[in-house]
Amino acid sequence: MKFDLIIRNGLLVTPERTIRMDVCVQNGVIAALLSSREGYGADRLIEAEGKYVFPGIVDAHVHFNDPGFPDREDMASGTAAASAGGATTVIDMPLSGNPAVISAEALELKKKAGESRAKVDYALWGGLVNDNVDKMEAISRAGAIAFKAFTCFAGDDFPYATPDVLFRGMKEAARLGLLVGVHCEDQDMTSALEAEARQKGTARSFLNAHSPQTELLAVRMVLDMAKKTGARVHV
């Protein structure tokens with residue numbers, strides 16, 4: 001049997017065990033995992049003796065600032081770094097570029113950046129913010145695979161979702177069959193603690209302003225909303 005590619009003699013890491021096997025690839029797809037050396041070859045061989053062979057990593061939380069701020073990190077540099085680190089798929093967050101991905105039009109701009117510059121497979125989060133629940137279906141149809149929301153301040157161009165908006169957004173996401181990822185910190189408590197932190201002006205006081213208690217309050221609210229709306233949620 002002839003394959004396009006064989007990665008040979010590597011220690012293959014599987015969910016069950018680590019075992020020495022050859023990875024045989026045909027037409028860009030893993031066609032077989034074989035331990036025998038007889039009866040097959042390949043047009044191209046990669047020798048992996050002494051190396052571990054992992055499945056490609058999926059990084060579901062990257063911030064590539066494309067379009068808008070390519071000097072920070074864009075699709076080209078970010079996905080090249082992902083590839084070098086073993087990530088074969090990335091899922092880009094919606095709030096780092098300009099414009100933020102809170103509309104179908106903004107998602108299309110992000111898709112164009114990926115189509116022309118990405119070095120690995122990619123998918124895109126859409127944003128759930130305080131004034132775009134009625135746009136979620138259009139964002140989904142444009143290709144967003146999930147929605148990201150904040151329960152606290154996240155920047156002027158990505159307004160955090162107040163509880164009533166988050167509840168409606170989670171109902172809509174459940175209808176669309178899409179996940180909602182939520183950055184969970186209680187806005188009222190965090191903003192009050194931040195005001196105190198600014199008076200003290202130390203790094204420790206800033207960290208204290210984002211205490212576990214602010215997270216617990218928001219997580220409890222989000223879990224209660226998930227039960228009532230049937231939404232799938234990632235904290």
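Quick notes on this one:
- Residue in segment 76-91 that is surrounded by 15 or more Cβ atoms within 10 Å (Cβ to Cβ), more than 14 Å from the chain's Cα centre (by Cα) and in a strand (DSSP E or B) present: no
- Among residues of segment 196-216 being within 21 Å of V182 (Cβ to Cβ) and of a type in the set (G, A, S), the one that is surrounded by the fewest Cβ atoms within 10 Å (Cβ to Cβ) is S211.
- Scanning segment 217-231 for residues that are over 20 Å from A146 (Cβ atoms) and either in contact with a strand residue (DSSP E or B) (Cβ under 9 Å, 6 or more places away or on another chain) or surrounded by 13 or more Cβ atoms within 10 Å (Cβ to Cβ) (or both) turns up at least one hit.
Each reported figure results from applying straightforward, stated rules to the coordinates on display, with no laboratory input. Every value quoted in this text rests on a predicted model; they were computed, and no experiment measured them. Positions of Cβ are backbone-derived with ideal geometry, glycine not excepted, and every protein chain shown enters the neighbour counts.
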